[in-house]
Amino acid sequence: MTAPQISTVTANGLSFCVETRGDPQGEPVIFIMGLGAQMTLWPEALLDAYAREGYRVIRFDNRDIGLSSHLQERLQGHPLTVMARHRLGLTVDGPYSLYDMATDVRGLMKAMGLESAHLVGVSMGGMIAQLVASTWPRQVRSLLLIMTSTNSPRLPMPKPQLIVRLAGMGPKGHDEASVVERGADFWRAIQSPGYPADEGRIRERIANEFRRSYHPAGILRQTRAILATGSLSPLTRRITLPTTIVHGTDDPLVRPQAARQLAYLLPHARLELIKGMGHDLPEPLLPRFAELGLEMAEAKASLI
């Protein structure tokens, strides 16, 4: 198993920080991270589980986050007003949408010479994965969708205390201590009640990510991208690829009904609801995530 390699890849007019590990000749698996999260949030144990099985493991920073291109456009409209428009099914403007971010993934694949890949998407990354799979189905081998949704305005909203945080409201401050405190507060609100994490390790991770890159404007633009995209349901129902859906029964951000809707739209998909899981990637569950993803990827390989 080769050591992780970091590179900069140009795609879709932007530059992306990309890490690869595992067998360079193995089947590629692309991990797509969620809202406001750098690629470093993917647990090493999950990535290494794929690498040990001979896969070429790829993760990257989405646009506007981490060490990938940061955009500059200013947002118009109050965040809560924009959220209300989305809930009403009205058009929301933004500097880009998830369609653009899906094109980023396809552009990365082209730039890296990948004809096709397995996709693993978490939260917003799962929405992006759905768009890639529905738009370029021949370039996707399988999907593992973790705690994600179709972004339908008809789905239950996040718990109220999270809406305030997502709107960029609450405690301010851009120094490391303030960012760590704010981040730890957010993670306490979304973490899995059945698999509580050590807060010291959470704070250490947030501090490391702050030192790697701190770009709050990008998080707001990514949030607007989700709202500007609207419901994915018409495209999601087109997906016929091997798909596994994983969701926590205690997710306060993307509620479990989102997973049930995905399973309804994708009747061929496998749905795994995990009791006690919130909106994070708990260490005790990583072997199960890997097992589900690898089972599907290997089943797809046997059909080719």
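The values are calculated or read from the model by the stated rules, or taken from the named source; none is laboratory data. Note that this is a predicted model, so its numbers are computed, not measured. Here Cβ is always computed from backbone atoms with ideal geometry, including for glycine, and neighbour counts include all displayed protein chains. Remember, those area values only see protein heavy atoms, side chains included, never the ligands or the DNA or RNA. Shrake-Rupley method; radii C 1.70, N 1.55, O 1.52, S 1.80 Å.
Miscellaneous remarks
- Restricting ILE202, ILE226, ILE239, ILE206 to residues that are closer than 23 Å to ARG288 by Cα and touching a helix residue (DSSP H, G or I) at 6+ places or on another chain (Cβ under 9 Å) narrows the list to ILE202.
- You will find that of SER142, SER149, the residue that is crowded, with 24+ Cβ neighbours inside 10 Å, part of a loop (DSSP other than H, G, I, E, B) and touching a residue at least 24 places away in the same chain (Cβ under 8 Å) is SER149 and no other.
- Given (1) of a type outside the set (A, V, I, L, M); (2) open to solvent by 20 Å² or more (accessible area, probe 1.4 Å); (3) in contact (Cβ under 8 Å) with a residue 40 or more places away in the chain; (4) in contact with a Pro (Cβ under 9 Å, 6 or more places away or on another chain), index of the condition GLU209 fails: (4)
- Out of TRP187, TRP136, one residue alone is closer than 20 Å to GLY278 by Cα and either open to solvent by 10 Å² or more (accessible area, probe 1.4 Å) or among the β-branched types (Val, Ile, Thr) (or both). It is TRP187.
- Restricting attention to the stretch 31-48, the residues being of a type in the set (A, V, I, L, M), out of contact with any helix residue (DSSP H, G or I) (no Cβ under 6 Å at 6 or more places or on another chain) and open to solvent by less than 10 Å² (accessible area, probe 1.4 Å) number 2.
- In the stretch 86-104, the residues that are under 19 Å from LEU155 (Cβ atoms) form no Cβ pair under 6 Å with any partner that is of a type in the set (S, T, N, Q) and surrounded by fewer than 13 Cβ atoms within 10 Å (Cβ to Cβ), whether six or more places apart or across chains.
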